[in-house]
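The values are calculated or read from the model by the stated rules, or taken from the named source; none is laboratory data. As the structure is a computational prediction, the values presented were derived from the model and not from experiment. Quick reminder, even Gly has a Cβ in these numbers, built from the backbone with ideal geometry, and neighbours come from all protein chains shown. When the accessible area is computed, the model is the full protein with side chains, heavy atoms only, and any ligands, DNA or RNA have been set aside. Shrake-Rupley method; radii C 1.70, N 1.55, O 1.52, S 1.80 Å.
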Amino acid sequence: MSKDEPRVGIIGAGQLGRMLALAGYPLGIECVLLDKDPRSPGAQVAPSIAAELDDHDALRRLARGVDVVTLDIENVSIDALAALAGVAEIRPPVAAVAAAQDRLAEKELFRELGIPAAPFVAIDRAEDLGHAAALGWPLLLKTRRLGYDGRGQRLARSRDELEAAWAELGQRPAIAEGWVRFDRELSLVGARSSREAAFYPLAENTHRDGILVSTVAPFEDAKLQRQAESWLRAIFDRFDYRGVLTIELFSTRDGLLANEIAPRVHNSGHWTIEGAETSQFENHLRAVLDWPLGDTAARGYAGMLNLLGSMPPRERVLAFRGAHLHDYGKDPRPGRKLGHCTLLDGSRDRLLERLDELRAVLA
Ligand code: AMP
């Protein structure tokens with residue numbers, strides 16, 4: 001590697017860090033990762049420092065050797081990130097990461113920017129539970145912090161269930177959120193540098209038990225696309241954002257509602273590796289390095305299936321015409337995201353048929 005090769009430090013080396021590092025190679029970008037697991041998905045493909053993500057010394061070591069520091073996970077200590085000020089540029093901005101870490105701050109951000117979201121009540125102490133009934137039943141109790149993939153979340157159908165959910169979640173600060181009767185879940189992935197912003201087409205997502213199982217993109221609706229882009233743009237501007245940002249949305253009879261934001265590349269954007277002119281991973285690297293962004297146009301229709309819990313036999317997937325297999329190099333564990341598989345087709349109907357066939361092969 002030559003000395004003037006751009007170097008990007010990545011905090012976290014899960015599958016997102018791994019796919020970021022892989023996207024860097026063709027552009028001559030060297031990624032260096034930080035993760036407590038020396039055999040992490042990212043460490044298998046790029047140099048990596050083995051340390052806790054909030055280890056100040058390790059973070060400084062990472063930051064000193066790179067042009068810019070970014071993240072593959074939003075649940076990183078804000079204090080630890082703030083301590084890097086003056087050592088390296090952190091992109092996305094720490095304030096955006098802080099807002100995405102805290103469901104209450106996130107809701108307040110949506111409110112401030114006029115972005116509609118599900119009604120909610122802040123639950124800081126047991127007495128606040130009484131106010132939640134105003135949201136109607138059922139409702140969801142979500143811890144303010146460390147909630148993702150359905151973790152830190154409980155459904156409550158009554159006051160008794162709400163009390164039980166609050167106890168089960170450890171009486172931690174939370175929000176109670178009104179149940180949204182959505183027609184479908186969508187997400188928008190966008191990238192922003194100091195000069196420009198670029199948006200992928202909307203993707204339609206299916207979740208099971210709070211975990212993404214599949215994505216089909218593009219979801220073609222010009223009005224919803226425009227609306228979602230205007231919300232992402234407002235968040236970009238609010239933080240002078242750099243990098244990829246994702247907004248998850250509920251599409252309801254009465255229009256779109258924002259669910260949450262992720263200040264990073266996103267599982268619902270994995271289809272862009274084969275399905276778009278430039279992948280979300282490449283565009284994140286371009287954005288944090290302040291390089292020109294790549295074309296976000298879709299190449300026909302793409303379907304992405306997550307491989308959860310166990311990997312299917314490799315030969316069977318590879319024998320399926322057109323299937324693109326991504327193996328994250330993780331040990332199997334029930335429900336764990338171990339890989340994904342993408343299919344492309346020029347026709348949406350044919351794609352959906354072939355996705356069903358691929359699902360049967362993976363089962
Ligand atoms: P989250 O961790 O907030 O992204 O929630 C995970 C999944 O739970 C979402 O993708 C939805 O499928 C579901 N979910 C979350 N919040 C609500 C809500 N207020 N109403 C209905 N479903 C929800």
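The table below lists the values:
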| quantity | calculated |
| --- | --- |
| Segment 213-272 - charge dipole about Cα centre, Lys and Arg +1 at Cβ, Asp and Glu -1, debye rounded to 20 | 100 debye |
| Value of relative contact order over segment 105-189, rounded to a whole percent, pairs C-alpha under 8 Å and six or more apart | 36 percent |
| Nearest-10 value in Å² for the accessible area of Y25, using the 1.4 Å probe | 100 Å² |
| Calculated diffusion of segment 157-251, Stokes-Einstein form, Kirkwood radius summed over Cα pairs, 10 °C and 1.306 mPa s, µm²/s | 101 µm²/s |
| Surface share of carbon and sulfur [accessible, 1.4 angstrom probe, percent] for segment 254-358 | 46 percent |
| At 1.306 mPa s and 10 °C, Stokes D of segment 56-121 from Kirkwood alpha-carbon radius, µm² per second | 120 µm²/s |
| Sulfur and carbon atoms: percent of accessible area, segment 1-159 [1.4 Å] | 49 percent |
| Dipole moment magnitude, nearest 20 debye, the chain about Cα centre, only Lys, Arg, Asp, Glu C-beta charged | 360 debye |
| Reciprocal mean inverse distance between Cα atoms of segment 3-152 - Kirkwood radius, Å | 17.2 Å |
| Accessible area per residue in Å² at 1.4 Å probe, computed on segment 1-82 | 43 Å² |
| In nm, spacing of pseudo-spin labels at R184 and I78 (7 Å Cα→C-beta vector) | 3.6 nm |
| Normalised alpha carbon radius of gyration of segment 83-190 [divisor 2.2 N^0.38 Å] | 1.20 |
| Relative contact order for segment 167-313, counting Cα pairs under 8 Å that sit 6 or more residues apart, in percent | 28 percent |
| Heavy-atom accessible area per residue - segment 211-258, 1.4 Å, Å² | 41 Å² |
| C-alpha center-to-center spacing [segment 228-272, segment 119-166] in angstrom | 24 Å |
| Surface/4 estimate of mean projected area, convex hull on alpha-carbon atoms of the chain, nm² | 18.2 nm² |
| Prolate/oblate/rounded label for segment 272-363 (Cα gyration tensor, a/c 1.5) | oblate |
| Convex hull of Cα atoms in segment 310-361, direction-averaged projection (nm²) | 3.8 nm² |
